[in-house]
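See structure below.
The values are calculated or read from the model by the stated rules, or taken from the named source; none is laboratory data. Quantities reported herein were computed from a predicted structural model and do not represent experimental measurements. Using ideal geometry, Cβ is built from the backbone for each residue, glycine included, and neighbour counts are taken over all protein chains shown. Just the protein is used for accessible areas: all its heavy atoms, side chains included, with ligands, DNA and RNA removed. Shrake-Rupley method; radii C 1.70, N 1.55, O 1.52, S 1.80 Å.
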Amino acid sequence: MMKPPSSRPLRLRSALGTLALGAVLALVAGPAVAGTFTIKGTVRLPEGSRSTRLYGGYWRLENGNVPVQTAGGAKAETVVVLENLKGAHAPPARTVTVELGGLDARPRLVILGPGSVLEIKNTGKMTHELSTPENSTLMPIERLPPGGARHVKFESVGGFVVRDAEYPHIMISVIVVDSPYYSTLDERGGFSIPGVPDGKAKLRVWTRGGWATEQEIDTSKKEDLSIKVAPPNEKDAAE
């Protein structure tokens, strides 16, 4: 009577096959990058800016009333940026579109590399007078009728604000960065910046049209950061 074949060779072949598959996946995924870290934390915005609707009320127009819309609150206009990191390269230039409709800009925050173009499309029924008041040569005031579009090229690194002369609640923050190390906020105010090289960096927070706070950090430290943004009156008093 013949004995059934042993199952050991089969199991051995299966194990070897698993190891081979793992080796292939490792080659495809690539080795882990040594000396990089993920910077995580939470931005604590002032109490008044935590609402998902920053403004209440209506604009009175000839054909009726239009509610003021600012969906997402201040979190939708906040970004954490790391600066002064060695070997950092600016993101490639691109074109980003912002739509104006319902007396709101969508999105209200864009992050670009130098040389990028901001395209503003008026998808609503109102005419807007847009400019960058703090830098009038960059974007002089100009009327944008319904269905129209305007294109502005941003060459310099920094934070810029596009405003509407007639509807002051409409504001577009344009952040031009020279490195890929930045993060917007999630619904809870959290941020995460992966792949950050080892070293010292300046962490800056932009929110609601201006730089709100900055601090020096050591990117190799593993603890989560907790960043408090003071209300404007407290910030002014401190300065």
Among residues of segment 207-219, those that are closer than 14 Å to residue 85 by Cβ and either surrounded by 14 or more Cβ atoms within 10 Å (Cβ to Cβ) or touching a helix residue (DSSP H, G or I) at 6+ places or on another chain (Cβ under 9 Å) (or both), counted: 2
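Matching residues to (1) closer than 29 Å to residue 115 by Cβ; (2) out of contact with any His (no Cβ under 9 Å at 6 or more places or on another chain); (3) among the aromatic types (Phe, Trp, Tyr); (4) not in a strand (DSSP E or B):
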residue: 180; (1), (2), (3), (4): yes, no, no, yes
residue: 183; (1), (2), (3), (4): yes, yes, no, no
residue: 195; (1), (2), (3), (4): yes, yes, no, no
residue: 201; (1), (2), (3), (4): yes, yes, no, no
residue: 206; (1), (2), (3), (4): yes, yes, yes, no
residue: 211; (1), (2), (3), (4): yes, yes, yes, no
residue: 217; (1), (2), (3), (4): yes, yes, no, no
residue: 220; (1), (2), (3), (4): no, yes, no, yes
residue: 223; (1), (2), (3), (4): no, yes, no, yes
Whichever residue in segment 100-130 is more than 22 Å from the chain's Cα centre (by Cα) and of a type in the set (S, T, N, Q) and, among such residues, is least open to solvent (accessible area, probe 1.4 Å): 122
Given (1) in contact with a Lys or Arg (Cβ under 9 Å, 6 or more places away or on another chain); (2) part of a loop (DSSP other than H, G, I, E, B), number of the condition residue 191 does not satisfy: (2)
Residue within segment 140-163 that is open to solvent by less than 60 Å² (accessible area, probe 1.4 Å), over 21 Å from residue 182 (Cβ atoms) and in contact with a Ser or Thr (Cβ under 6 Å, 6 or more places away or on another chain) present: no
Residues of segment 143-165 classified as closer than 28 Å to residue 90 by Cβ and assigned to a strand (DSSP E or B), total: 12
Among residues of segment 187-206, those that are open to solvent by 20 Å² or more (accessible area, probe 1.4 Å) and either small (Gly, Ala, Ser) or closer than 22 Å to residue 109 by Cα (or both), counted: 8
